[in-house]
Amino acid sequence: MTAHPDEDNCACHWGSPDDLALLKTPDVELEPDLLRRTWQAVDWTDHAAVLRRILPQFARALVADLAEPLFGLEEAGYCLARGRWQQWPAEHAGPVREFLHAWWAQSLTDPDAAVPAHQVFVMCAEASGTVGPWLADWERRTGRLSDRRLAETVAEWEYDLLGESLPWTVHWYEHDEEEIRAELVAWLLDHAAPRLRASGAPADLRHRIRLLGLTDEDRWTDPHWPGHRY
């Protein structure tokens, strides 16, 4: 796959004509910096074609933790969302979906996974516009390592969630941040809380999930309120 023959970008801010020519040439490995500039650019005329061109190499960079986002892997998910990959023909969309699910499963089951599970989750959520499939996968992935990943993720997210915010920035305007947050909180209360209790997670972490079920004064006057200031 290649970028569209008429694709263009700013030589001052993105790259040279030679760089652009490489995107119009199939099966040529891109230098890491060119790959990064390409997936981070938001002003391609045919973003889907550019995404198809870089996707095999981009996927390898993501799994190896070499993608170099400016802030977080939600940016990589935004890149996929902009390409509207879920609307591609089945023979193109299917492998993308399989890759995301395989990478997510690896982050939960491989002790040597290069990227923390909570970052992979965020990328998959932004790429697909939903948290449902990834939470369902997590429910099916039981075991000590997956439980530990859950505890690590809750520890990473609880501050933002208790402040009524998502723990990442929703980049794609079509994604409903409040809907995503509500679904995530409901899952943490219904599934994660009993799972962490059964796996012996620290009591203070379990209390922070419990607090998500309280609102307003009931939450911050609870004796187990962690003292967060926003």
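The values are calculated or read from the model by the stated rules, or taken from the named source; none is laboratory data. Just so we're clear, the structure is a prediction, and the values are computed from it rather than from any experiment. Cβ coordinates were reconstructed from backbone atoms using ideal geometry, including for glycine residues, and neighbour counts include every protein chain displayed. The accessibility values were calculated without ligands, DNA or RNA, using every heavy atom of the protein model including side chains. Shrake-Rupley method; radii C 1.70, N 1.55, O 1.52, S 1.80 Å.
Structure above, values below:
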{"read-out": "Within the accessible area of segment 7-110 (1.4 Å probe), percent carbon and sulfur", "value": "56"}
{"read-out": "Global geometry of segment 131-230, whether rounded, prolate or oblate, following the gyration tensor of its Cα atoms and the 1.5 cut on a/c", "value": "oblate"}
{"read-out": "Span from the segment 139-169 Cα centroid across to the segment 24-97 one, whole angstrom", "value": "26"}
{"read-out": "Approximate shape of segment 96-146 as ellipsoid semi-axes (Cα gyration tensor, √5λ), whole Å, largest first", "value": "17, 12, 9"}
{"read-out": "Rg/Rg_ref, the chain, where Rg_ref = 2.2 N^0.38 Å and atoms are Cα", "value": "1.13"}
{"read-out": "Solvent exposure, largest accessible area first (probe 1.4 Å, DNA, RNA and ligands not counted), of 142, 38", "value": "142, 38"}
{"read-out": "Spin-label pair residue 220/residue 164, simplified geometry with 7 Å Cα→Cβ offset, distance in nm", "value": "1.0"}
{"read-out": "Selected from 161, 70, 150 as most flexible by GNM, with the chain as the system and alpha-carbon contacts under 10 Å", "value": "70"}
{"read-out": "Ranked order, 181, 60 - accessible area, probe 1.4 Å, largest first", "value": "60, 181"}
{"read-out": "Residue-normalised accessible area of the chain, expressed per residue, 1.4 Å probe, Å²", "value": "51"}
{"read-out": "Estimated [θ] at 222 nm from DSSP helical runs (n ≥ 4, -39500 (n - 2.57)) normalised by residues in the chain, nearest 500", "value": "-17500 deg cm²/dmol"}
{"read-out": "Accessible surface of segment 173-230 [probe 1.4 Å, protein heavy atoms]: carbon and sulfur percent", "value": "49"}
{"read-out": "Gaussian network model of the chain, springs between alpha carbon atoms under 10 Å - residue of 179, 75, 158 with greatest fluctuation", "value": "179"}
{"read-out": "GNM flexibility winner over the chain from 80, 66, 100 (Cα, springs under 10 Å)", "value": "66"}
{"read-out": "Cα lying deepest toward the dipole's positive end in segment 101-229, options 185, 134, 107, charges on Cβ", "value": "107"}
{"read-out": "Global size of segment 1-112 as Cα Rg and Dmax, reported in angstrom", "value": "14.1, 45"}
